[in-house]
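The values are calculated or read from the model by the stated rules, or taken from the named source; none is laboratory data. None of these values were measured; they are calculated from a predicted model. Cβ sites come from the backbone with ideal geometry, for glycine too, and all protein chains shown count toward neighbours. Calculation scope for accessible area: heavy atoms of the full protein, side chains included, ligands and nucleic acids excluded. Shrake-Rupley method; radii C 1.70, N 1.55, O 1.52, S 1.80 Å.
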Amino acid sequence: MGLRLAVTGANGRMGRAVLAAASDRDAVEVVLAVNRSPVEAQIGGVAVDPADDLDRLLADRKADVLVDFTGPESAIEYATACADRDVAFVTGTTGFGADEIDALEAITTEIPLLRASNFSRGVAALRLAVREAVAALDGYDIELTETHHNGKRDAPSGTAKTILADVEAIRSDLTSRVHGREGDAPRTSGEIGVHARRAGDVAGEHEVLLAGNNETVTVSHRAGDRSIFAIGAIDAAEWIVDRAPGRYDFFDVIDED
Ligand code: NAD
């Protein structure tokens, strides 16, 4: 039997991409798509229901797993509905505050929950490459630049924050993130420069610059299309469905490929 998939934020950029990617998979059936505001037309061949009634709809449609790309507040609300109905939860939503991450963490005792700031295999490879470069180039200055479409809400991106945490786990001397610079602002040791650009319809670009004396290394990734995130999220949904309750991330999915 195929995977019975529910999708939130169906009319968002990523919700649409997830519905399109799901329609390409024989083993995945979208049994529920919801959006907070009404959507008249079908998306990816699927009728869209109001999100208010998610709890009941999850049970009525017998969903196995829900894929969420919305906002932090709604992601917690939807994860709670999934916990009530014993539905696995996969979220790519970013911009969570510390309290919101704690709230999601509490739900991992009830259902399998996978949260990833990026569902691209290329970005997973970028993270590994950055870790290697940072470990090999001790003492080098590090600056991170990310670019996204002009509708993105959170800055810096969730992926940028994940990469920064990766860097800081290796370089304990880097204790302050400096977001842009203006005026008399020479670089000090111990800082990582972080730069967030917002323009056009850019799906997502991340570049890490490591600079020592007389040499620079840049490691970068460019998403050509949102479908890469949608494909990764559906892979995660297929992977998580029969897991025990707990917290999982995208490396768990990739490591089993
Ligand atoms: P978008 O603005 O195009 O769509 C957001 C969708 O969520 C819309 O349908 C909107 O109605 C809904 N939504 C937003 N806030 C809501 C709320 N409070 N209650 C109910 N519904 C709400 O955004 P997008 O580009 O699709 O991105 C959505 C999220 O996914 C963002 O957090 C973004 O950073 C993240 N994202 C993650 C990845 C990844 O690989 N993990 C990739 C791209 C985007």
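To keep it simple, each residue is scored yes or no on (1) touching a helix residue (DSSP H, G or I) at 6+ places or on another chain (Cβ under 9 Å); (2) of a type in the set (Asp, Glu); (3) buried (at least 19 other Cβ atoms within 10 Å of the Cβ).
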residue: Leu144; (1), (2), (3): yes, no, yes
residue: Asp166; (1), (2), (3): yes, yes, no
residue: Arg177; (1), (2), (3): yes, no, no
residue: Glu205; (1), (2), (3): no, yes, no
residue: Val208; (1), (2), (3): yes, no, yes
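Of the strands (runs of 3 or more DSSP E) contained entirely in the range 50-140, those carrying at least 1 residues that are in contact with a Ser or Thr (Cβ under 7 Å, 6 or more places away or on another chain) and buried (at least 22 other Cβ atoms within 10 Å of the Cβ) fall at 65-68, 112-115.
Within the range 146-154, is there a residue that is open to solvent by less than 70 Å² (accessible area, probe 1.4 Å), of a type in the set (Gly, Ala, Ser) and touching a helix residue (DSSP H, G or I) at 6+ places or on another chain (Cβ under 9 Å)?
Of the residues in the range 146-154, the ones open to solvent by less than 70 Å² (accessible area, probe 1.4 Å) are 146-149, 151-152, 154.
Applying the additional criterion that residues be of a type in the set (Gly, Ala, Ser) yields 151.
Applying the additional criterion that residues be touching a helix residue (DSSP H, G or I) at 6+ places or on another chain (Cβ under 9 Å) yields 151.
Yes, the range 146-154 contains a residue that is open to solvent by less than 70 Å² (accessible area, probe 1.4 Å), of a type in the set (Gly, Ala, Ser) and touching a helix residue (DSSP H, G or I) at 6+ places or on another chain (Cβ under 9 Å).
Here Ala41 fits the description: free of Cβ contacts under 8 Å to residues at least 12 places away in the same chain, assigned to a loop (DSSP other than H, G, I, E, B) and more than 10 Å from the ligand (Cβ to nearest atom).
Specify the residue that is nearest to the ligand (Cβ to nearest atom); the eligible residues are those in the range 15-35 that are open to solvent by 30 Å² or more (accessible area, probe 1.4 Å) and farther than 17 Å from Asp64 by Cα. The residue in question is Arg16. In the range 1-14, what residues are open to solvent by 30 Å² or more (accessible area, probe 1.4 Å) and either assigned to a strand (DSSP E or B) or in contact with a Pro (Cβ under 7 Å, 6 or more places away or on another chain) (or both)? Result: Arg4, single match.
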